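What follows is a short report on a single structure.
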Amino acid sequence: MNELKVYVDHLFKKYKNYRDIDELKEEILGNLEAKMADLIAEGVDEKSAIAKAKSSITNIDNLIDSNISVKISQFWFKAYQIAFLYFIIAWIITIPFTIVGIGILLNFMLFLIVLILLVIYLILGKTLNQEKIGQLNIVSFIKTKKVIWLLWSLFIVIALGCITAILFGSNIWFARPIYIDGPYQFGVLAARYAMPFISIIIPLIFTAWVKILSQFEVREQHE
C-alpha cells in the first residue's frame, strides 16, 4: 500500500501547494488500493497488481479543478517585478560580452527593455498592485511552462549547431584541425557559445510565475 501512496504523492507533486487536494488524493489512493485488492483476489500477484493499478491512472490533470481564484492584480504585479528583475540580470550578464565585441546589439536591446519596464513600473506601479480577485488556470500554466522549456531546449540545440557550423563547418567538413590562438580568441569563442543561453530568462520567468501562483490563491476565508 505504501508504494501506491508514494505513486499518488508523485502524481500530485506539482499541485501540492493548492487547496482541496488532500481529499482528491485520498479518493484516488482508495480507488487504486481497491483495484489492487480486486486483482489480488483474482489471483494476480501483488507486484503485478500494483503495476496494473498504477497504469490505470497516469495523469490527474483532468481531475483537478484547474481554475483557481487569485488576487489577480497582485499576482501580475509580482510577476511583472520578477520579469523586470530577470531582464536586469540578463542585461548585466551581457555587459562583459561587449568587451570582446560580442552581443552589443543584444545588450542594447536588453537595456531598452529594462528602461521601458522601469518607466512602466514608475508610472503604473501603484495602480497595478490592487485587491482584485480573478481566475487563473493552473493546469494551463504548468503545461505552458513545459512547452516553453521544450521550445527553449530546441532553440539552444539549433543555435549551438548553427554557431558550430558557422565557426568550424569548413574545418569539420575538410577534417582540418581547429586552432584557438590565445586567450582572447578563446574568450570570443566562449562568448559566442554563451550568448544563446541568455534566453533562459524566458522559461525561468514563467517557472517563477507558476511557483508564486499559490501565494496569491484566495483561500476559503476570502471566498
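No value in this document is a laboratory result; all are computed from the given coordinates. Since we're looking at a predicted model, the values are computed, not measured.
What to note about this one:
- Phi angles of the range 181-193 translate, via the Karplus equation with coefficients 6.51, -1.76, 1.60 and θ = phi - 60°, into HN-Hα couplings of 8, x, x, 5, 5, 5, x, 4, 5, 4, 5, 4, 6 Hz per residue; Gly and Pro are given as x.
- Computed P(r) (all Cα pairs; the range 152-223; 5 Å bins; percent): 3, 12, 15, 15, 13, 10, 7, 6, 6, 4, 3, 3, 2, 2, 0
- Helix-only mean residue ellipticity at 222 nm for the chain, each DSSP H run of n ≥ 4 adding -39500 (n - 2.57), per residue, nearest 500: -24000 deg cm²/dmol
- Taking the alpha carbon gyration tensor of the range 67-222, multiplying each eigenvalue by 5 and rooting it gives semi-axes of 41, 20, 9 Å, largest first.
- Too-long pairs where the Cα-Cα distance tops 26 Å, listed order kept, from LYS13/LYS146; LYS13/LYS52; LYS25/LYS47; LYS5/LYS78: LYS5/LYS78
- Cα-based helix-to-principal-axis angle, 72-99 vs the chain, degrees rounded to 10: 30
- For the range 134-173, the spread of Cα positions along each principal axis, largest first, Å: 57, 13, 5
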